[in-house]
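Written out below as structure tokens is the structure these notes cover.
What follows is calculated from the coordinates using simple rules that are stated; it is not laboratory data. Every value quoted in this text rests on a predicted model; they were computed, and no experiment measured them. No Cβ is skipped: glycine too gets one built from the backbone with ideal geometry, and neighbour counts run over all protein chains shown.
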Amino acid sequence: MNSTSYRQNITVQYCFPDNNSSCRKEIRTGPINIFLLIFLSCVSVFTVFLNLLVIISISHFKQLHTPTNLLILSLAVADLLVGLIVMPVNVMQLIDSCWYLGKMACCLLPVINSLVSSASLCSLVFIAVDRYIAICDPLLYSTRVTVCKTSLFIILGWSSSLFYIIMCLYFNDHFLPSQISTRCEGECVVVIQYSWVIVDLMVSFLAPCCVILILYAVIFNVARHQAKAVRAVRNDASNKQGIKVPSSSETKAAKKIGTVIFVYLACWIPFYLSSLLADSLVSVSVLYTVFGWLVLINSSVNPLIYAIFYPWFRKSVTFFVTCRIFKSSSSRLNLFPKQF
């Protein structure tokens, strides 16, 4: 009974009816598939909309032009590309088994996906370094970390990510269009060799994540001691004026960014663990699809973290809703009425 109802939910056609070498086309029309289409389409739109809010907020308001926010901006750009390019293509593949974008696009999609994920991880590494300097060396933070230097590092991060992907494109056979499995016209199956999975795991995940985790271990240890020092200083009535004391807001900021790091690792670790369970990873496998979407949904979660933890993001959204952003002086509006 179950197998009969399943067959009734799938209409078999051909991707290109006029082509004798066309693949069979499976259009999944069951209620579960329709629900998935609507849900994942909403996730894609949601991802684009929220990350656009983050990008416009940081770009528009001069008060948000800080080194840390520039790194968050870089992360939001990568998440925006996921929602704008990668998610719609994946939704299309879930509903319709055919590939209509050609062989070259089939090759470029994993490249784009790898680029934005590498750029995201680079941004998270730079954010960890930024928070490390802010917590461990607050007196020299403003001189060592500037908007100009941060912008250069962001460009360097995206450039190195692109260079790494180009190296994979030319020196790894599985990325070449000639190596893409196409048994018939309208199929896009990218087979990732196990050896490359190991290399990518080391270069694109383990090494940067170890750096991030080590830095945050140091950050939270120092922040704990600084919090005790702040309480002691506040209770000391004879505290000398003019001595800058590390602010507890830096500790709060480290915890907020640490949440972003934790969510990122929680989304990516299952994907890489599943990659190690087989000799090769096929892009149409069920396991690849499930954990692949878990990785993509991470791009939707980051703006939610900003909305929950960052008052400036919530206030900037209210300026959008009330149309105050369209005023000529709106870029100089105060988003921080209180120190936090």
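Note on Ser21 and Ser142: the model spin-label points, each 7 Å out from Cα along the C-beta direction, lie 6.7 nm apart. Placing a pseudo-label 7 Å from each Cα along the Cα-to-Cβ vector at Glu185 and Ser328 gives an inter-label distance of 6.0 nm. In this label model, Ala105 and Val211 are separated by 3.5 nm, measuring between points 7 Å along each Cα→Cβ vector.
Ratio of Rg to Rh for the stretch 66-159: 1.16 [Cα atoms; Kirkwood radius as inverse mean 1/r over pairs].
What are the chymotrypsin sites (Phe, Trp or Tyr not before Pro) within the stretch 90-161 that DSSP puts in a loop, where the Cβ has at most 15 other Cβ atoms within 10 Å?
Values: sites: Trp99, Tyr100, Phe126, Tyr132, Tyr141, Phe153, Trp158; in loops: Trp99, Tyr100.
Counting only loop positions with at most 15 other Cβ atoms within 10 Å, the chymotrypsin sites (Phe, Trp or Tyr not before Pro) in the stretch 90-161 are Tyr100.
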